[in-house]
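Accompanying notes for the structure given below.
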Amino acid sequence: MQIGLAGYGRMGALIHRAALERGHRVPIIVDPHSDAPEVTDREFACLQSPPDVIIDFTSPRAAVENIARYGELKVPAVIGTTGWYDRMEQVAAIVEKSGIGLIWAGNFSLGVNLFYRVVESAAAMMNRFPQYDPFVHESHHRRKVDSPSGTAKMIAGILIDKLDRKETVVGELPQRRLRDEELQVSSSRGGALPGRHRVVFDSDVDSITLEHNARNRSGFAEGALLAAEWIRGRSGLYGIGDLMNSIIGGVKD
């Protein structure tokens with residue numbers, strides 16, 4: 001399969017190496033800001049022969065414009081860029097009009113997506129035990145731009161959906177007591193941490209902690225490439241949950 005890369009930062013370079021190891025070709029690497037010798041183009045407008053799939057790890061500012069271009073090129077896309085989700089309706093319209101397939105995720109790590117399922121099951125169980133109050137904390141390297149992380153927001157969404165007693169997310173600790181229906185999601189930044197996400201269910205008598213630690217970024221690349229292989233030949237807008245369902249069950253593929 002011929003894969004195009006949009007963005008050649010650390011993730012782009014990692015996906016490039018992993019794609020070649022899996023036997024794919026990467027003839028197109030687009031990045032308007034990188035001077036890396038692997039970069040082939042500054043923009044997609046000049047492409048004469050689009051790839052089979054594009055994997056996008058760029059920036060929130062560029063994401064939706066990039067997706068519109070993928071629609072024009074009729075190229076399915078894997079979007080690992082975060083921070084654009086408030087424009088999901090616009091992206092859905094682009095995908096529907098163009099007929100392309102697009103799969104997005106706040107985190108393509110297979111381990112993280114299995115962690116989502118663990119959190120979902122735990123939250124459904126904890127819904128019957130209101131004495132356990134949950135909170136979420138995530139830690140990342142100091143260069144990460146968004147906060148809380150897209151992964152933490154996904155985890156928070158799962159908890160809000162499964163716990164009747166939680167209704168809203170608080171991203172920063174307010175200068176007041178938290179209300180019972182509020183779920184706090186906190187963040188820390190420092191060093192070179194690839195990513196750590198922790199869910200704690202705490203009570204007066206004990207505490208239950210679920211945690212995912214990324215040792216390196218290879219799991220993100222593996223998941224993005226699996227998504228690229230999966231989205232080829234499909235049309236429509238998909239989340240990473242659709243891919244996971246096709247692997248571990250939940251819906252018919």
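A few comments on the model shown:
- Placing dummy labels 7 Å off each Cα toward the beta-carbon, the span from Gln131 to Glu72 is 6.1 nm.
- Cα gyration tensor shape of region 1-87, rounded if a/c is under 1.5, else prolate or oblate by comparing a/b with b/c: rounded
- Principal axis extents of the C-alpha atoms in the chain (largest first, rounded to whole Å): 63, 42, 32.
- Between Asp86 and Val145, the contour length at 0.36 nm per residue exceeds the alpha carbon distance by 19.6 nm.
- Crossing angle, helix 150-162 versus the chain [Cα axis fit, 0-90 degrees, rounded to tens]: 50
- Selected from Ile155, Asn127, Leu110, residue furthest toward positive end of dipole (region 110-213; charges at beta carbon): Leu110
- Theoretical gain in end-to-end length, Arg25 to Leu178 [0.36 nm per residue, Cα-Cα removed]: 49.9 nm
- Region 1-67 and region 180-253 have Cα centres separated by 23 Å.
- Considering only the chain, percent of DSSP beta bridges that pair antiparallel, nearest 5: 35
- Net lengthening on full extension, Ser218/Arg232 (0.36 nm per residue, minus Cα-Cα): 2.9 nm
- With Cα atoms, 0 to 90° folded angle of helix 110-126 axis to the chain main axis: 30
- Convex hull volume of region 120-253 per residue (C-alpha atoms, cubic angstrom): 149
- Only Lys, Arg (+1) and Asp, Glu (-1) charged, at Cβ; region 110-213 dipole about Cα centre in debye: 480
- About the Cα centre, charge dipole magnitude for the chain (Lys/Arg +1, Asp/Glu -1 at Cβ), debye: 380
- Angle in degrees between helix 218-231 and the longest Cα principal axis of the chain, rounded to the nearest 10: 60
Bear in mind these aren't lab numbers, they're just calculated from the coordinates by the rules spelled out. What you are looking at is a predicted structure, and each value in this text was computed from that prediction instead of being measured. Here Cβ is always computed from backbone atoms with ideal geometry, including for glycine, and neighbour counts include all displayed protein chains.
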